[in-house]
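Asks: Once you've had a glance at the structure underneath, I'll fire off some questions.
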Amino acid sequence: MARNKIALIGSGMIGGTLAHLAGLKELGDIVLFDIADGIPQGKGLDIAQSSPVEGFDASLTGASDYSAIEGADVCIVTAGVPRKPGMSRDDLLGINLKVMEQVGAGIKKYAPNAFVICITNPLDAMVWALQKFSGLPKNKVVGMAGVLDSSRFRLFLAEEFNVSVKDITAFVLGGHGDTMVPLARYSTVAGIPLPDLIQMGWTTKEKLDQIIQRTRDGGAEIVGLLKTGSAYYAPAASAIEMAEAYLKDKKRVLPCAAHLSGQYGVKDMYVGVPTVIGAGGIERIIEIDLNKGEKEAFDKSVAAVAGLCEACINIAPSLK
Ligand code: A3D
């Protein structure tokens, strides 16, 4: 059986890290693509030269022509610009929307059967536009945000409770980052929900609120430290988990920005919800009952995403 083919569209900080992780995990042969000629070729060659040391078999090539992604099984899109200190994700909309138009056309022509994972910000609006520009089935185009947001939440909770990150599950809904909606009653330490842990004296409501706020600001905290760009190790690891779930038909339950067609009362938008990812792409969207406070927070998040989609339509009316 031939190896899977993974196309990384955008070979910057996240793209290079994706290539390294996909190689280490032997997910398939990897093509790095970027408009900055030389970068994808150089990163591909560098990572390929680590393969004898690490002991993985994968071909790594770089290109600045879309024909190189032909027949890809998975495309992971990071093309565009990241934030600098003082910028919000939404400030990137105008530039990155144009990039999504080019990327969508490239995928439509050369990799129409791929599972497409978008990472470019502002995430929920960019993945929505990318699906429309590419014309690929909605269950095959998904945004990475929830896995990262919940991973950040899990880390901070593990540190607070002094337990392994492995034993923490976190449940987040809504748009990426600032409007993320963490569901404390579905977030647990080995099955014990966070509200119970407050009662057991493991933490306090105030501490938990601080952790939730730090999670929401997780991206900005790293932008503030790096000063020249945004996070890339954890975002890359998160997208690789989604790609692996698809390629290995693992039926993982992962929070993703998925296309909603009425679930949670939302139509034709991408918003973070729990999904099942397997060989069919997004195979299921898990719809849970929200209580009043959760519903209010979720609706606020949806309204923020809707505003961004409107802004996209103003720039590119064909998206309507
Ligand atoms: P960066 O290192 O700048 O890489 C982006 C790459 O895209 C560069 O190499 C550019 O040359 C390339 N590029 C620009 N325009 C095009 C184009 N038209 N076609 C092909 N390639 C192009 O950024 P990064 O890797 O750090 O971040 C990439 C994106 O991910 C940014 O939009 C970030 O805001 C976003 N991001 C999202 C998350 C989420 O959780 C959703 C987290 C972190 C970063």
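The values are calculated or read from the model by the stated rules, or taken from the named source; none is laboratory data. The structure displayed is predicted, hence computed values, not measured ones. Glycine also receives a Cβ, built like all others from the backbone with ideal geometry; neighbour counts cover every protein chain displayed. These area figures cover heavy atoms from the full protein model, side chains too; ligands, DNA and RNA do not enter into them. Shrake-Rupley method; radii C 1.70, N 1.55, O 1.52, S 1.80 Å.
Asks: For the chain, take the longest principal axis of its alpha carbons; what is the angle in degrees between that and the long axis of helix 292-315, to the nearest 10 within 0 to 90?
Replies: Taking the Cα atoms of the chain, the angle to 292-315 is about 30 degrees.
Asks: Helix 146-161 against the longest principal axis of the chain: what's the angle in degrees, Cα atoms only, rounded to the nearest 10?
Replies: 50
Asks: Another question, if that's okay. Counting only heavy atoms of the protein chains, get the accessible area per residue of segment 110-181 (1.4 Å probe) and round it to a whole Å² value.
Replies: 30
Asks: Cα gyration tensor of the chain, axes a ≥ b ≥ c as square roots of the eigenvalues: rounded (a/c below 1.5), prolate (a/b > b/c) or oblate?
Replies: prolate
Asks: Let me ask another. Hey, could you pull the Cα Rg and Dmax for segment 147-250, both in Å?
Replies: Every Cα atom of segment 147-250 included, Rg and Dmax give 14.4, 42 Å.
Asks: Right, something else. Tell me the label-point distance for the pair Ala316, Val165, using the 7 Å Cα-to-Cβ offset, in nm and rounded to one decimal.
Replies: 3.4
Asks: At a 1.4 Å probe, what is the % contribution of carbon and sulfur to the accessible area of segment 204-320? Walk me through the intermediate numbers first.
Replies: Values: 3190 of 5820 Å².
In segment 204-320, the share of accessible area belonging to carbon and sulfur is 55 percent.
Asks: For an R0 of 25 angstrom, estimate the FRET efficiency from the Cβ-Cβ distance between Lys227 and Gln102 and round to the nearest 0.05.
Replies: 0.30
Asks: Considering the Cα positions of segment 23-124, please state its Rg to one decimal place and its Dmax as a whole number of Å.
Replies: For segment 23-124, the Cα-based Rg and Dmax read 14.9, 42 Å.
Asks: Can you give the accessible area of Glu283, probe radius 1.4 Å, in Å² rounded to 10?
Replies: Surface accessible to solvent at Glu283 totals approximately 70 Å².
Asks: Run the accessible area of segment 3-142 with a 1.4 Å probe and give the carbon-and-sulfur part as a rounded percent.
Replies: Carbon plus sulfur share of accessible area: 52 percent.
Asks: Turning to a different aspect of this structure: What does the charge count near Pro112 come to, summing +1 for each Lys or Arg and -1 for each Asp or Glu among other residues with Cβ under 15 Å from its Cβ?
Replies: Values: positive: Lys5, Lys108, Lys109, Lys132, Lys138, Lys140; negative: Glu70, Asp73.
With Lys, Arg at +1 and Asp, Glu at -1, the neighbours total +4.
Asks: Tell me, what is the 1.4 Å probe accessible area of Arg185, in Å² to the nearest 10?
Replies: 90
Asks: Something else: For the chain, give me the percentage of DSSP beta bridges that are antiparallel, rounded to the nearest 5 percent. Working shown, then result.
Replies: Working: 22 of 42 bridges.
The answer is about 50 percent antiparallel.
Asks: Let me ask you something else. Taking the Cα centre of segment 144-312 as origin, work out the dipole magnitude from +1 charges on Lys and Arg Cβ and -1 charges on Asp and Glu Cβ, in debye rounded to 20.
Replies: Using Cβ point charges on Lys, Arg, Asp and Glu, segment 144-312 gives about 220 debye.
Asks: Considering the dipole of the chain built from charges on the beta carbon (Lys and Arg +1, Asp and Glu -1) around the Cα centre, which of Pro195, Met126, Ala245 is farthest to its positive end?
Replies: Looking along the dipole axis, the top candidate is Met126.
Asks: Also, quick follow-up: Rounded to the nearest 10 Å², what accessible area does Ile39 show when all protein chains are kept and the probe is 1.4 Å?
Replies: 80
Asks: Hey, can you find the accessible area per residue of segment 39-100 for me, probe 1.4 Å, expressed in square angstrom?
Replies: Spelled out: the 1.4 Å probe surface of segment 39-100, per residue, equals 47 Å².
Asks: So if R0 is 22 Å, what FRET efficiency would Asp65 and Leu45 give, r being the distance between their Cβ atoms, rounded to the nearest 0.05?
Replies: 0.80
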